[in-house]
Amino acid sequence: MKILVIEDNESVCAMIEMFFLKEGIEGRFVNDGLRGYEAFRSEDWDLLIVDWMLPGMDGVTLCRKIRQEGSDVPIIMLTAKDSESDQVLGLEMGADDYVTKPFSPLALMARIKAVARRYQKQKPEENSEVGTSLLKVNKETREVTLAGKPVTNLTPKEFDLLLFFAQHPRQVFTREQLLERVWGYQFYGDERTVDVHIKRLRKKIGTAEQPLFHTVWGVGYKFDESVDGHES
């Protein structure tokens with residue numbers, strides 16, 4: 001596995017590099033946003049780890065440029081910013097996930113491994129399309145339609161979450177279950193990741209008259225396209 005780490009803090013890089021060696025991961029470390037972008041363009045990568053605050057080019061701009069070029073390489077953003085508005089901005093620009101500093105290297109490695117499992121090549125399935133009467137999600141082409149109209153503005157992680165809900169309509173899941181089933185790692189106390197992604201999907205999928213994502217208070221979330229699928 002090849003991972004490009006764009007981070008200007010030497011101690012953080014040293015910590016990540018130590019765990020890369022332990023896990024047999026091939027890593028390249030760049031401490032400048034512009035040089036990181038050039039490194040991204042020069043080679044194929046399985047995953048990117050990008051710091052929010054970088055010299056040359058900040059991490060949010062870097063993510064946006066990468067997504068504008070059509071790349072779906074998984075991106076984990078490292079950030080000292082833990083406000084919800086900052087998290088929404090990073091995810092909107094194309095990051096799949098974020099890790100707030102200071103972070104546990106074990107938690108970071110768990111997320112890296114989860115991304116690797118999700119994005120590894122799989123054999124084509126006989127039925128690659130799942131969905132409901134309104135929503136259709138193609139797992140192979142990663143195409144989405146709602147009421148016959150294409151939905152084209154989803155980030156990779158938003159697609160993964162939508163696919164999971166499309167596979168389990170009307171079922172209620174806790175934030176911890178969604179972290180484990182969609183993100184692929186055990187709960188580490190960062191359940192706001194789920195909340196931010198649900199907010200983004202609500203803006204892109206459904207309407208005020210017919211919301212598709214519902215909060216089940218005290219439990220979690222469900223996907224329900226029926227008109228009476230009101231929030232509990």
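The values are calculated or read from the model by the stated rules, or taken from the named source; none is laboratory data. Every value quoted in this text rests on a predicted model; they were computed, and no experiment measured them. Neighbour counts run over all protein chains shown; Cβ positions are idealised from the backbone, glycine included. Heavy atoms of the whole protein, side chains included, go into the accessibility calculation; ligands, DNA and RNA do not. Shrake-Rupley method; radii C 1.70, N 1.55, O 1.52, S 1.80 Å.
Couple of notes before you dig in:
- Among the residues listed as F29, F103, F40, the single one being touching a Cys at 6+ places or on another chain (Cβ under 7 Å), at pLDDT 80 or above and not aliphatic (A, V, I, L, M): F29
- Residue-level check: of (1) of a type outside the set (A, V, I, L, M, F, W, C); (2) within 24 Å of A80 (Cβ to Cβ); (3) more than 13 Å from the chain's Cα centre (by Cα), P211 misses just (2).
- Checked against the criteria, T145 does not count as farther than 26 Å from I66 by Cβ, open to solvent by 10 Å² or more (accessible area, probe 1.4 Å) and among the β-branched types (V, I, T).
- Restricting the first member to the stretch 130-144 and to residues that are under 17 Å from S226 (Cβ atoms) and modelled with pLDDT of 85 or more, and the second to residues that are of a type in the set (G, A, S) and loosely packed, with under 14 Cβ neighbours inside 10 Å, the beta-carbon pairs closer than 8 Å and six or more apart or on different chains are L134/A147.
- Of the helices (runs of 4 or more DSSP H) lying entirely inside the stretch 1-80, those containing at least 1 residues that are of a type in the set (A, V, I, L, M), open to solvent by 40 Å² or more (accessible area, probe 1.4 Å) and closer than 23 Å to G184 by Cα are 10-23.
- Neighbours by Cβ (under 6 Å, 6+ apart or cross-chain): first from the stretch 52-76, touching a residue at least 40 places away in the same chain (Cβ under 8 Å) and closer than 23 Å to T141 by Cα; second of a type outside the set (G, A, S) and surrounded by 16 or more Cβ atoms within 10 Å (Cβ to Cβ): D72/P156; P74/L47; P74/D96; P74/V115; P74/Y119
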